[in-house]
Amino acid sequence: MPHEAAPILVVANPVAGNFNYRHLMRLAERLDRLGLKSDIWLTRYSGELSDIAAELSSSVRTLVVGGGDGSINEAITGIVRRGGDGPALSILPFGTANVLAHELGLPSSPEKIAERIAAGRKTPLHLGMVGERPFALMVSAGFDADIVHAVDAPFKRRWGKLAYGWRGLTLALAQKGRDVTVIADGETIKCRIAVVTTARFYGGPLTITRHTKATEPGLRLVTLADDRPATLLRAATALALGRLETLASVQDRPVTEIHFSGEGIRMQIDGDRMDTTDALVRSGRVIDVVA
């Protein structure tokens, strides 16, 4: 870490999908021309971004994450861990999908990102929590989490979004899904996919719900009743068209407290694998994000 911290720290994950060192330099150069000093740090191991965010000097006012949704999750984990006032979060979109960048309507240009930082354009980001772990977008259990667990890092780096499509197809045809039991505000629901989301978008620019945004308070629970190939095909088509809630097999409701359980189920958080847990899912704290 830099010894004398600049007010803006750019931390990038060099193994993130679509990582581009030139974009980091363009961001830093534009910030410099705007009269803002920045430092750049490349992460060396998984989880380092959480440590950096938790231990930042109070002189760092903006933490820019160069990476995908997994890297952003690491950063917010560190910000939550430090407690109290933390730096504003900014995003230089890399990664495979970068759902949060779509959610915030961020430009892809590093220069435009720098200009937004300079303008101080901030908006509240309403986090969710599963146990003591925060999420910026979603936590889910069932078929979509099975896909996340089936895609390893080398396969994802090579094929990007196609890796998820291929694994999803092979898992759908295998028909080895498991029931997810969801207890949502005291009501028990059986399904094959259960997503608790703070956000409107899913998997990139795909609309999973029209009833919330990550910049607004509240959680939504979106469930799919079965994972037969025909149902999954209809759901994928409806998701692409922004009409998921029109399917009879889909439920979309506001929730405040949720538990997942089920024999052998897997879970994912912000697009990354997580250990399966029956911990309470609830709303979390609010942090500032540059938008």
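Every number here is computed from the coordinates shown, using simple stated rules; none is lab data. Everything numeric in this text was worked out from a predicted model, so none of it was measured. Quick reminder, even Gly has a Cβ in these numbers, built from the backbone with ideal geometry, and neighbours come from all protein chains shown.
Here are the numbers for the structure shown:
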{"quantity": "Overall form of segment 1-63 per C-alpha gyration tensor (a/c, 1.5; a/b vs b/c)", "calculated": "oblate"}
{"quantity": "Prolate/oblate/rounded call for segment 135-283, Cα gyration tensor, a/c under 1.5 rounded", "calculated": "rounded"}
{"quantity": "Global form of segment 67-195, assessed from the alpha-carbon gyration tensor, a/c cut-off 1.5", "calculated": "oblate"}
{"quantity": "DSSP loop GluC sites (Glu not before Pro) with at most 15 other Cβ within 10 Å: longest gap in the chain", "calculated": "133-256"}
{"quantity": "Highest-fluctuation residue, A194, A184, A101 considered, GNM on the chain with Cα pairs under 10 Å", "calculated": "A184"}
{"quantity": "Equivalent-ellipsoid semi-axes of the chain, from the Cα gyration tensor, Å, largest first", "calculated": "33, 20, 17"}
{"quantity": "Inter-part distance where segment 264-278 and segment 76-149 are each reduced to a Cα centre, Å", "calculated": "18"}
{"quantity": "Helix runs (DSSP H) in the chain reaching 15 Å along axis by Cα, Kyte-Doolittle at least -0.5", "calculated": "69-82, 161-174, 229-241"}
{"quantity": "Given K37/K156; K190/K213; K156/K176; K112/K156, the pairs whose alpha carbons are separated by over 30 Å", "calculated": "K37/K156"}
{"quantity": "All aspartates and glutamates inside 17 Å of K161 as judged from Cα atoms, apart from same-chain residues fewer than 8 positions distant", "calculated": "D69, D144, D146, D152, D270, D272"}
{"quantity": "For segment 207-247 versus segment 30-59, the gap between their alpha-carbon centres in whole angstrom", "calculated": "35"}
